[in-house]
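Read through the structure below, which is laid out as structure tokens, and then see the notes.
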Amino acid sequence: MAEDRISSIASALIVGGGIGGTAAAISLARRGIKVELIDLYPDWRVYGAGITITGVTLRAYRHLDMWQDIANHGAITNGSSVFLFSGQHLRELDEPAVDGEEPATGGIMRPVLHELRQQRVRALDIAVRLGLTVTSLNNRDNGVDVVFSDGSEGRYDLVIGSDSVHSGVRDLAFPHMSEPERTGQGCWRISIEKPPMLEKGEMYFGHKYTVGITRCGEDAVYLWLLTPHERRDKHFDEEELYTRMKANLEGFGNSAGWIRDNMTRDHWINYRPLAAKLQPGPWSNGRIVLLGDAVHATTPHLASGAGMAVESAIVLAEELAKADNAEAGLKAYEDRRFERCRDIVESSIAIGAAQLAGGAPDQIGGMIGGALHRLAAPF
Ligand SMILES: Cc1cc2nc3c(=O)[nH]c(=O)nc-3n(C[C@H](O)[C@H](O)[C@H](O)COP(=O)(O)OP(=O)(O)OC[C@H]3O[C@@H](n4cnc5c(N)ncnc54)[C@H](O)[C@@H]3O)c2cc1C
């Protein structure tokens, strides 16, 4: 798809090659910008979880011509079923049609999505340097002087911080912002083969823990389970992850029960405390701008963090292309994104709080459905 060129800048450095950073790299390179991308991790890999791709996220990936990639290498399913924790089917989740399409949702394994994004980045000849971060950013004469952690230096018309929740770019250039805050819940995840009875997404309510299962391919799913966060001095070790996950699933039926009964110590299992924060504006400082979890970190309750990061990347490129100068483009980007990201972050935190308070299935389901309907509006 031909896209308007950006004339106000010629070069951009993207710090953080995750979901938002790769989307920004693709969006800017397609509009004629010379893009360089760096990532802290030398092997530029992601861990083995699955990720839920909502209809809204699919729409964003359609803008990057990656919808078919996800369909081919992940799973696109229509809608999600809601069960009582014991396995009784309650109803279908009220998910909206996005842009008049069927309500589609799906999932993919994170390493598979990462590989697909890397292929797109390479196909656009974007320079990638790994094992690297920035140690100094200095706005000067309509550009940014950058010092990298290996001592090298560079100068760019724009620097994008897409380096996630603990953003180093945010620490360097946005003193009015702070670290995302813990919400009091933690997320357990396991990647495993598809239970034979599962066809599409499933959610389990009515238990003190909330569970969801997302199909990520022909024979792959991941299950997430939300619990109150337990303060500890050390991370769970592998044996604890296995035994605690199995115990947390006690009493669950249907596919969730199948996963409990068939999980082994070889399956990928992970625990993460949840944190969120919508950072106050301004989201740009001179020619340095933030996107993704660095500036709108959310919890997974609406499975929308990735979609928001991709949308922000697309909007940033669109607004830079429309504006007469970079500063106006960066302001327009923030104006267009702030309220939508506020809704997601605040709604996600509210759903988590309702779960911690023991909210009824209908209340929680209604909160999720309501937010997903608002999100289906054009971005
Ligand atoms: C438990 C959990 C489950 C989730 N489930 C879902 C889901 O199902 N669906 C969904 O849409 N969202 C989900 N999310 C949210 C989603 O993962 C994030 O919103 C999304 O990854 C944000 O993209 P990002 O580009 O900002 O960050 P990331 O994708 O995390 O990428 C950040 C990149 O920056 C790099 N980096 C970090 N620090 C530096 C540095 N100092 N210098 C250079 N590079 C650096 C990292 O190596 C990484 O490559 C979930 C989040 C959590 C915590």
> Would you pick out the residues in region 22-48 that are within 19 Å of A2 (Cβ to Cβ) and among the β-branched types (V, I, T)?
Replying inline: I26, I33, V35
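Suppose we filter region 122-146 for residues that are more than 30 Å from T52 (Cα to Cα) and either open to solvent by less than 40 Å² (accessible area, probe 1.4 Å) or among the aliphatic types (A, V, I, L, M) (or both); how many remain? Give the derivation first.
Kept after step one, since they are more than 30 Å from T52 (Cα to Cα), are these residues of region 122-146: 134-146.
Still in the list and also either open to solvent by less than 40 Å² (accessible area, probe 1.4 Å) or among the aliphatic types (A, V, I, L, M) (or both): 134, 137, 143-146.
Summing the residues that are more than 30 Å from T52 (Cα to Cα) and either open to solvent by less than 40 Å² (accessible area, probe 1.4 Å) or among the aliphatic types (A, V, I, L, M) (or both) in region 122-146 gives 6.
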> Considering V211, V165, which residue is β-branched (V, I, T) and within 12 Å of the ligand (Cβ to nearest atom)?
Replying inline: V165
>> For region 112-143, which positions are under 20 Å from A60 (Cβ atoms) and either touching a residue at least 40 places away in the same chain (Cβ under 8 Å) or among the basic types (K, R) (or both)?
In response: V112, L113, H114, L116, R117, Q118, R120, V121, L124, I126
> Taking region 272-304, which residues are open to solvent by 20 Å² or more (accessible area, probe 1.4 Å) and either outside any loop (DSSP other than H, G, I, E, B) or near the ligand (Cβ under 9 Å from one of its atoms) (or both)?
Replying inline: R272, P273, A275, K277, L278, S284, N285, D293, T298, P300, A303
> Assuming A354 fulfils every condition listed in (1) open to solvent by less than 20 Å² (accessible area, probe 1.4 Å); (2) part of a strand (DSSP E or B) apart from one, which condition is it?
Replying inline: (2)
>> Out of the residues in region 228-261 meeting the condition of being buried (at least 18 other Cβ atoms within 10 Å of the Cβ) and among the polar types (S, T, N, Q), tell me which one is nearest to G106 (Cα to Cα).
In response: S255
> Can you find a residue in region 327-343 that is open to solvent by 30 Å² or more (accessible area, probe 1.4 Å) and outside any helix (DSSP H, G or I)?
Replying inline: no
>> If G281 satisfies all but one of (1) touching a helix residue (DSSP H, G or I) at 6+ places or on another chain (Cβ under 8 Å); (2) more than 30 Å from E339 (Cα to Cα), what's the number of the condition it fails?
In response: (2)
> Given S149, S162, which one is polar (S, T, N, Q) and open to solvent by 50 Å² or more (accessible area, probe 1.4 Å)?
Replying inline: S149
>> Among the residues of region 312-325, are any open to solvent by less than 20 Å² (accessible area, probe 1.4 Å), near the ligand (Cβ under 9 Å from one of its atoms) and in a helix (DSSP H, G or I)?
In response: yes
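The values are calculated or read from the model by the stated rules, or taken from the named source; none is laboratory data. Not measured: the values here are computed from a predicted model. With ideal geometry, Cβ positions are generated from the backbone for all residues, glycine too; neighbour counts draw on all protein chains shown. Areas reflect the complete protein model, heavy atoms only, side chains present, ligands, DNA and RNA absent. Shrake-Rupley method; radii C 1.70, N 1.55, O 1.52, S 1.80 Å.
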